[in-house]
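Okay, structure first, notes after.
The values are calculated or read from the model by the stated rules, or taken from the named source; none is laboratory data. Quick caveat, the model's predicted, so the values are computed rather than measured. Ideal geometry is used to build each Cβ from the backbone, glycine not excepted, and the neighbour counts take in all protein chains shown. Ligands, DNA and RNA are excluded from the accessible area calculation, which covers all protein heavy atoms including side chains. Shrake-Rupley method; radii C 1.70, N 1.55, O 1.52, S 1.80 Å.
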Amino acid sequence: MTERMRGAVLTALGEPPVVGALPRPVPGPGEALVRVRRVGLCATDLKISSGVFRPALGLPLVLGHEIAGEVVESRAPSVGKGARVACHPYLTCGRCPPCGGGRSNTCRELRLLGLDRQGGLAEYLAVPAGNLIPLAAATTYEAAAVTMDAVATTWHALRVRGRLGPGDRVVVVGAGGLGLNAVQVAAGLGARIAVVEPDTARRRAALEHGADHAVAPQDVGVLRGWAPDGAELVLEVSGTRAGFEAGARLLGTGGRVVCCGYCPGAEFGLESMDLVGRELTIAGSRGNTREDAVAALAAVERGDIRPRIDSVHELDQVGDAFARLMSGEARGRVVVSL
Ligand SMILES: [Zn+2]
Ligand SMILES: [Zn+2]
């Protein structure tokens with residue numbers, strides 16, 4: 001008889017997942033079975049549950065791609081039973097040109113746990129052992145889970161796509177789950193940081209994490225004094241055209257806008273003479289590679305980055321967790337405990 005487990009299952013688009021019993025997965029060759037302990041929720045989960053992203057497997061679907069837990073069974077030599085691990089959420093082919101060129105985050109066959117394959121919002125997850133990253137003893141499951149996306153994605157955006165360096169001025173547009181971690185990644189690099197964010201409490205949090213300035217969108221003019229020649233880098237996290245335009249106005253000559261926020265149908269652009277005349281760069285930044293996740297986790301384990309946790313909810317309260325995420329009031333990641 002198939003063993004059962006408890007999990008939060010998306011059964012209808014437009015509604016939060018519901019807790020129920022489902023079959024416990026069986027790890028295949030090269031995979032491990034993880035007893036999931038913490039799962040961070042992400043705006044992507046809302047895009048899936050609302051139907052913006054269509055699950056490859058259809059419904060029902062177990063959401064969740066920021067995952068940490070304990071290995072309880074292994075069919076791979078690289079990881080043993082009892083290991084505390086974070087789970088890198090992207091499955092890649094390893095053969096396509098992007099994978100071969102160091103851009104596995106844009107793999108042609110990229111699959112995300114909790115979208116293209118069952119995710120982490122259930123007691124057990126079967127996953128390729130190569131996706132597991134071991135944790136130091138002192139690392140909490142919630143910090144590790146959140147690092148896999150909310151931290152590693154900003155790491156990739158700022159360090160790989162943005163090439164941010166010490167002393168550079170960076171404007172972070174949007175200080176939600178990603179943006180507040182971006183401030184810490186940038187601070188760890190020795191950059192000077194300004195944040196544009198409408199919410200007062202989020203602005204305060206940005207200042208606590210090392211931003212020099214945090215202003216409301218209507219007050220961006222204040223930042224002209226902070227960066228008279230403009231910023232070297234703008235990180236657009238809000239996914240809105242207004243956010244992109246507010247950030248782009250603060251760019252200096254030769255500056256870059258890196259966008260990791262997005263919204264289907266929203267177009268970002270620069271006035272052509274401005275783009276050419278000042279040699280500006282617009283760059284997209286998608287998720288993160290395993291290498292980014294390993295490096296970001298190491299920074300968390302050194303204490304350089306403390307991932308923002310808004311709240312931790314038990315599995316039975318997963319509906320509350322989704323409501324909190326949807327409210328737009330979360331100051332950092334909303335986490336589910338299993
Ligand atoms: Zn995510
Ligand atoms: Zn590939």
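Inspect all residues belonging to region 107-128 and state whether any of them is open to solvent by less than 30 Å² (accessible area, probe 1.4 Å) and farther than 28 Å from Arg308 by Cβ. Yes, some residue in region 107-128 is open to solvent by less than 30 Å² (accessible area, probe 1.4 Å) and farther than 28 Å from Arg308 by Cβ. Taken over region 23-43, the criterion of being open to solvent by 40 Å² or more (accessible area, probe 1.4 Å), away from ligand 1 (no atom under 16 Å from the Cβ) and in contact with a helix residue (DSSP H, G or I) (Cβ under 7 Å, 6 or more places away or on another chain) is satisfied by Arg37 alone. Filter region 264-281 for residues that are in contact with a helix residue (DSSP H, G or I) (Cβ under 8 Å, 6 or more places away or on another chain) and either of a type in the set (Phe, Trp, Tyr) or modelled with pLDDT of 95 or more (or both) and give the result. The answer is Phe268, Leu280. Of the residues Leu270, Leu297, Leu251, the single one that is open to solvent by 20 Å² or more (accessible area, probe 1.4 Å) and among the aliphatic types (A, V, I, L, M) is Leu270.
A quick yes/no check of all residues on (1) within 20 Å of the chain's Cα centre (by Cα); (2) modelled with pLDDT of 95 or more:
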{"site": "Glu123", "(1), (2)": "no, yes"}
{"site": "Val127", "(1), (2)": "yes, yes"}
{"site": "Leu132", "(1), (2)": "yes, yes"}
{"site": "Ala138", "(1), (2)": "no, yes"}
{"site": "Gly179", "(1), (2)": "yes, no"}
{"site": "Ala191", "(1), (2)": "no, yes"}
{"site": "Leu207", "(1), (2)": "no, yes"}
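Among the residues making up region 44-68, a single one is part of a helix (DSSP H, G or I), open to solvent by less than 20 Å² (accessible area, probe 1.4 Å) and either of a type in the set (Val, Ile, Thr) or without any contact (Cβ under 8 Å) to a residue 12 or more places away in the chain (or both): Ile48.
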